[in-house]
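S.K.: The structure's right below; bear with me while I get my questions together.
The values are calculated or read from the model by the stated rules, or taken from the named source; none is laboratory data. Predicted model, so just to flag it, every value in this text is computed and none were measured. Counting neighbours? That spans all protein chains shown, and the Cβs are built from the backbone with ideal geometry, glycine included. Remember, those area values only see protein heavy atoms, side chains included, never the ligands or the DNA or RNA. Shrake-Rupley method; radii C 1.70, N 1.55, O 1.52, S 1.80 Å.
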Amino acid sequence: MERIIPPKLRPGNRVHVIAPSHSLSIISEEVKSLATKRLNDLGLEVSFGKNAEMHDEFHSSPIADRLDDLHAAFVDPTVHAIFAVIGGYNSNQLLPHLDWELIRSNPKIFIGYSDTTALQNAMYAKTGLVTYSGPAYSTLGQRHYLDYTLEGLRACLMADAAFEYLPSSEWFDDEWYLDQEK
């Protein structure tokens, strides 16, 4: 299968946020506001899936709603990149229902991590679309220590030049979103 590399992002492009796993409703307004500002500061316009805020007792939404948002984002010619809200534990429920030809015919950047990896691996295997393991939308709402991540995002998704991506000298593995000042 031929590898498909989606076009790079340019200022003025639109990124669309969907919730293939956990819902946008679990993300605080402060985190959403900062994440959107960060994408706007890169010159990008931000929009959201119509079902991104829906949620049930598992902090997710019905399969049909999540599929609708994912398919709508791929087919919309004004969307240049698709960001997952956050990870979770049930994006695999979408796999038997994905329209692989729709995805193959409308290549665009698809980025996230954690549970989103199931979708990313399947997209590559079934369509050849290169996807990106990188910050979810909610990650961009982190107040501190995000410079390394933003620089990597910019270099990978927006720049045409080759770049060397070296390991960060700092990292942490905590629940930063619970108290961003600690």
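S.K.: Could you please let me know if Ile103 is under 18 Å from Ala125 (Cβ atoms) and of a type in the set (A, V, I, L, M)? Step through it out loud before you land on a result.
M.R.: Numbers: under 18 Å from Ala125 (Cβ atoms): yes; of a type in the set (A, V, I, L, M): yes.
Yes, satisfied.
S.K.: Taking Gly87 as the residue in question, decide whether it is under 23 Å from Leu178 (Cα atoms), open to solvent by less than 10 Å² (accessible area, probe 1.4 Å) and modelled with pLDDT under 95. Step through it out loud before you land on a result.
M.R.: Numbers: under 23 Å from Leu178 (Cα atoms): yes; open to solvent by less than 10 Å² (accessible area, probe 1.4 Å): yes; modelled with pLDDT under 95: yes.
For Gly87, the condition - under 23 Å from Leu178 (Cα atoms), open to solvent by less than 10 Å² (accessible area, probe 1.4 Å) and modelled with pLDDT under 95 - is met.
S.K.: If you go through segment 127-166, how many residues are open to solvent by 30 Å² or more (accessible area, probe 1.4 Å), modelled with pLDDT under 95 and closer than 19 Å to His22 by Cβ?
M.R.: 0
S.K.: Asp99 versus (1) more than 11 Å from the chain's Cα centre (by Cα); (2) under 15 Å from Pro6 (Cβ atoms); (3) surrounded by fewer than 18 Cβ atoms within 10 Å (Cβ to Cβ): which is the lone unmet condition?
M.R.: Result: Asp99 fails condition (2) only.
S.K.: Quick check on my filter: what residues within segment 1-45 are closer than 14 Å to Leu153 by Cα, open to solvent by 10 Å² or more (accessible area, probe 1.4 Å) and among the small types (Gly, Ala, Ser)?
M.R.: Within segment 1-45, Gly43 is the sole residue that qualifies.
S.K.: I'm checking my understanding of the structure. Among residues of segment 100-123 that are in contact with a strand residue (DSSP E or B) (Cβ under 9 Å, 6 or more places away or on another chain) and hydroxyl-bearing (Ser, Thr, Tyr), which one is nearest to Phe74 (Cα to Cα)?
M.R.: Only one residue tops the list, namely Thr116.
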